[in-house]
Amino acid sequence: MDIPLIEQVKIQAQVLVPLVKALQAELGEERANAIVRKALGDLYRKYGEKWWRTQGARNLGEKMASAFDMFAAGDALDYEVIKQAPDAFEVNVTECRYAKFYNEIGAPELGFLLTCSADFLMTEGFGTDVQLTRTQTIMQGASHCDFRYVLKQREKDTR
């Protein structure tokens with residue numbers, strides 16, 4: 001049975017939020033968050049690698065459109081695709097139930113740490129050709145999240 005990602009996040013938060021809060025109390029917020037980022041970083045990168053491989057020969061725009069369908073499953077996100085091309089995918093997330101959930105449990109800063117920071121790490125798993133730029137998130141109080149994925153231009157052989 002496939003469980004929407006939003007439900008997986010809620011289940012994981014039941015364990016991770018108290019654990020991270022305990023680490024922060026014991027080690028300080030900066031040190032604890034660094035440990036959490038490092039521990040989850042490899043996991044998110046590997047998840048990105050595995051997901052990317054399963055997408056086959058589709059282009060970047062098609063792959064990322066599929067990713068956002070997955071992220072939005074279970075009514076988790078409302079979003080507007082700004083651009084979808086073979087070498088780019090640009091989207092604005094206008095409603096985020098992940099942020100709503102973390103706000104409801106009183107831990108929006110942990111929502112950013114545990115959920116939003118995964119976006120860049122997963123993108124690393126997609127390979128060195130894919131670059132993500134995001135300047136703001138709803139989780140941090142912005143009106144929307146602005147995801148911009150592009151294929152990096154490879155240097156041409158000049159010999």
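Each residue in segment 1-33 was checked for being open to solvent by less than 60 Å² (accessible area, probe 1.4 Å) and in contact with a helix residue (DSSP H, G or I) (Cβ under 9 Å, 6 or more places away or on another chain), and 13 of them qualify.
State whether the residues of segment 58-66 include one that is of a type outside the set (F, W, Y) and more than 17 Å from L132 (Cβ to Cβ). Scanning segment 58-66, I find at least one residue that is of a type outside the set (F, W, Y) and more than 17 Å from L132 (Cβ to Cβ), so the answer is yes. Give segment 41-59 a look and list any residue that's open to solvent by 30 Å² or more (accessible area, probe 1.4 Å), part of a helix (DSSP H, G or I) and of a type outside the set (D, E, K, R), or say none. The answer is L43, Y44, Y47, W52, T54.
The values are calculated or read from the model by the stated rules, or taken from the named source; none is laboratory data. Not measured: the values here are computed from a predicted model. Positions of Cβ are generated from backbone atoms using ideal geometry, with glycine treated the same way; all protein chains shown enter the neighbour counts. Heads up: the accessible areas ignore ligands, DNA and RNA and are worked out on the full protein's heavy atoms, side chains in. Shrake-Rupley method; radii C 1.70, N 1.55, O 1.52, S 1.80 Å.
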